[in-house]
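Notes for the one structure printed next.
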Amino acid sequence: MKGVFRFLLIFLIAACRSPLPEEEPQYRVVTEAEPYVRAFAEEAQKRGKTISLSNLIVEFGPVEERDVCGECRLATGQTPRIFLMKNATCWTGASVQARECLVFHELGHCLFHRAHKNNTFPNGAYVSLMNRNDVAVYATCLYDIGGDVCDKRSRREYYLDELFDESTPVPAWGK
């Protein structure tokens, strides 16, 4: 009986905690990521989507999950926060396209509440930029090994269309 009483007491104390106070909207984006955030808004607008950037924080800092380059942290009433790893693999040594892919992927989580989508096409390419394993789906390789294996910039339009509209049809290169 004592155990049940303790459990109920702890439950009631936890349940009575007030939620975090709502934050005032704020916009704070590190200079290096700013062009990608603006490009995201422009790409959304091209596709008839209006997004607000008045409440967003993007900064370099540690991520909680191992082996990832970015992370979106969302809490009710709080400013969406994106943390990017500023290391050679994730940022400093990454191509412009790979950086854009990373920022767009995290903005997909934070602004559209998109979950990971790990499906692949018959050719093995990911269906979405929102996949968990390789967000650089339309980037170039660091070392050019030639052809479509390394230069996937031609896939950018499809991946952005799918980011803003999950019902985008399969592209010819995905069949």
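A few comments on the model shown:
- Taking 0.36 nm per residue of sequence separation and removing the Cα-Cα distance, the VAL170/VAL68 pair yields an extension gain of 34.0 nm.
- The range 53-93 residues near the modelled ALA39 label - backbone nitrogen below 15 Å, point 7 Å along Cα→Cβ: 91-93
- Segment GLU157..ARG28, full-extension length gain: 43.7 nm, with 0.36 nm per residue of separation and the alpha-carbon distance subtracted.
- For the range 70-175, the alpha carbon convex hull comes to 99 Å³ per residue, rounded to a whole number.
- Long-range HN-HN contacts of VAL29 with modeled amide H, under 5 Å: VAL58
- Extension reserve of the PHE60-LYS46 stretch, reckoned as 0.36 nm per residue once the Cα distance is removed: 2.2 nm
Values in this text are rule-based calculations from the coordinates and carry no lab data. Being a predicted model, the structure only gives us computed values, none of them experimental. Note that each Cβ is placed from the backbone with ideal geometry, even for glycine, and that neighbours are counted across all protein chains shown.
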